[in-house]
Amino acid sequence: MDEQRYGEFVVVRRHEYVAELVLDRPKAMNAVSTEMARSIGAACDALAADRDARVVVVTSTHERAFCVGADLKERNSLSDAELVRQRPVARGAYTGVLELPMPTVAALHGFALGGGFELALACDLIVADRTAVVGLPEVSVGVIPGGGGTQLLPRRVGAARAAELIFSARRVEAAEARELGLVDLLVEEGQDRAEALALGSRIAANSPVGLRAAKRALRLGHGLDLRAGLEIEDAAWRAVAFSGDRAEGVAAFNEKRAPVWPGE
């Protein structure tokens, strides 16, 4: 298996056209330190430029956690000036995942809290097993969700539901999380990674040009009025209509064979 490490705490594994972005700081339940945030950002920069990566799946090596959020022990040691300097590095991890151009899937088990849940919210789809516990508890320690949570959560579940979850700082267990739309697919205990990788493989069988264009249209069109959104869609359609992938897709359909995507 092709594997590349970014710093001490992040690994990217390749499964053909699926790239697995692995959070690997088990001694701290994947708490996001400055170093880990920098590594997540660097891994995402590399993946964004990788034309062979059609899907990214974010996983964890810790048995009982996806990610417990920011490293509060490190935060406690930072001066105000150091915290200001650290902020762009922290943001870079979350925006790095959010701005990946290909479809992204998070695989959750155990705790996915604060910044950990925000990393998942930055993905297009969230798979969770029955041990998952999610939440944005930042106001309980005197801050607010700062990895996109105040913006991404209401886009998933609506403004009032997001307000209730953020203001109460409560933790939500897997079954309720699925009911509320905080996660998309609920699977048996221990199956989150396997199911997320399987979903990634199914997605990756499709046109990489089409996938990226569809994601772009979904993201840019969200929140716009219908007419403006349809213009975004039309621009994305024009970007793929004359591509090699479109020609191959039509040919493969007519010849009753699996397509071999040129990816351009």
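The values are calculated or read from the model by the stated rules, or taken from the named source; none is laboratory data. Keep in mind that this is a model prediction, so the values were computed, not measured. Note: ideal-geometry Cβ built from the backbone for every residue, glycine included; neighbour counts use all protein chains shown. Just the protein is used for accessible areas: all its heavy atoms, side chains included, with ligands, DNA and RNA removed. Shrake-Rupley method; radii C 1.70, N 1.55, O 1.52, S 1.80 Å.
Values computed for the structure shown
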item: Heavy-atom accessible surface of segment 1-129: percent carbon and sulfur, 1.4 Å; result: 49 percent
item: Heavy-atom surface of the chain, accessible at 1.4 Å and reported per residue (Å²); result: 51 Å²
item: 13 Å beta-carbon shell around residue 227, net charge (K/R +1, D/E -1); result: -4
item: Cut-off under 5 Å, modelled amide H: who pairs with residue 65 long-range; result: 111
item: Relative packing of 210-217, 99-106, 183-190, which averages over residues the other C-beta atoms within 10 Å, highest first; result: 99-106, 210-217, 183-190
item: Local electrostatic count, residue 203, Cβ distance below 11 Å [Lys/Arg +1, Asp/Glu -1]; result: +2
item: Solution diffusion estimate, µm²/s, Stokes-Einstein, the chain, Kirkwood Rh from C-alpha pairs, 4 °C, viscosity 1.567 mPa s; result: 68 µm²/s
item: Residues with amide H under 5 Å from that of residue 132, placed H, sequence gap 5 or more; result: 110, 174
item: Listed peptides 129-137, 248-256, 149-157 by packing density, highest first (mean Cβ within 10 Å); result: 129-137, 149-157, 248-256
item: Solvent-accessible area, 1.4 Å probe, carbon plus sulfur percent, for segment 133-264; result: 57 percent
item: Relative contact order (%) - criterion: Cα under 8 Å, at least six apart; region: segment 200-264; result: 36 percent
item: Nonlocal amide H pairs with residue 6, under 5 Å, H built at 1.01 Å; result: 11, 12
item: Alpha-carbon radius of gyration plus Dmax, which is the widest Cα pair, for segment 208-255 in Å; result: 12.4, 40
item: Label-point separation, residue 87 to residue 13 (7 Å along Cα→Cβ), nm; result: 3.7 nm
item: Alpha-carbon spread of segment 106-216, three principal axes, descending order, Å; result: 44, 32, 20
item: Estimated vicinal HN-Hα couplings, Hz - segment 139-156 in sequence order (Karplus 6.51, -1.76, 1.60; Gly, Pro = x); result: 5, 6, 10, x, 10, 10, x, x, x, x, x, 5, 9, 7, 5, x, 5, 8
item: For segment 105-157, radius of gyration divided by Kirkwood radius, i.e. Rg to Rh on alpha-carbons; result: 0.96
item: Summed side-chain charge close to residue 98 - residues other than residue 98 whose Cβ falls under 14 Å, Lys, Arg +1, Asp, Glu -1; result: +2
item: Note, ³J(HN,Hα) from phi for segment 241-247, Karplus 6.51, -1.76, 1.60, rounded to Hz, x at Gly and Pro; result: 4, 10, 8, x, 5, 5, 4
item: Area accessible to solvent at residue 261, 1.4 Å probe radius, in Å²; result: 50 Å²
item: Estimated vicinal HN-Hα couplings, Hz - segment 68-81 in sequence order (Karplus 6.51, -1.76, 1.60; Gly, Pro = x); result: 8, x, 5, 6, 6, 5, 5, 4, 5, 8, 7, 6, 4, 5
